[in-house]
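The values are calculated or read from the model by the stated rules, or taken from the named source; none is laboratory data. Source: prediction; values computed, not measured. As a convention, Cβ positions derive from the backbone with ideal geometry for all residues, glycine included, and neighbour counts pool all protein chains shown.
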Amino acid sequence: MSAVDRPLHVALPWYRADDYETLRARLTDGAKLPERYETWLISTEQVEQVVQRSGVEVVRVTIEPDAFLAWCERVGLVSDGAARTRYTTEIL
């Protein structure tokens, strides 16, 4: 992808520490997320920094469990990573 093709900004699904266990339990792919919030946070912040260094603005979009799951039901999607990406992109 050239600089011309690179987006100006990207949405990054973001989880609050207080919601993390609920999300892991309720997402269809929640078991794929690290068990500990701190592990997820470190990994996600590293990805965020790499993207930012490439010149793309990263916009954190908080995933609130009830709102996200209601949206999934409304649009007919399972609550997986692809749905989280679509949800955050639509919010952005």
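A count restricted to the range 22-42 and to residues that are out of contact with any Leu (no Cβ under 7 Å at 6 or more places or on another chain) and surrounded by 14 or more Cβ atoms within 10 Å (Cβ to Cβ) stands at 8.
Okay, residues lined up against (1) modelled with pLDDT of 95 or more; (2) loosely packed, with under 14 Cβ neighbours inside 10 Å; (3) of a type in the set (A, V, I, L, M, F, W, C); (4) in a helix (DSSP H, G or I):
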position: THR44; (1), (2), (3), (4): yes, no, no, yes
position: GLN49; (1), (2), (3), (4): yes, yes, no, yes
position: TRP71; (1), (2), (3), (4): yes, no, yes, yes
position: LEU77; (1), (2), (3), (4): yes, no, yes, no
position: ARG86; (1), (2), (3), (4): yes, no, no, yes
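For the range 1-20, a tally of residues being surrounded by fewer than 13 Cβ atoms within 10 Å (Cβ to Cβ) and at pLDDT 95 or above returns 2.
Just so you know, in the range 20-50 the residues that are among the polar types (S, T, N, Q) and without any contact (Cβ under 8 Å) to a residue 40 or more places away in the chain include one that is nearest to VAL61 (Cα to Cα), and it is THR44.
β-branched (Val, Ile, Thr) and loosely packed, with under 11 Cβ neighbours inside 10 Å - does that describe any residue in the range 54-61? Write out each step before concluding.
Keep residues of the range 54-61 that are β-branched (Val, Ile, Thr), which gives 56, 58-59, 61.
Those left that are additionally loosely packed, with under 11 Cβ neighbours inside 10 Å: none.
No - not one qualifying residue is present in the range 54-61.
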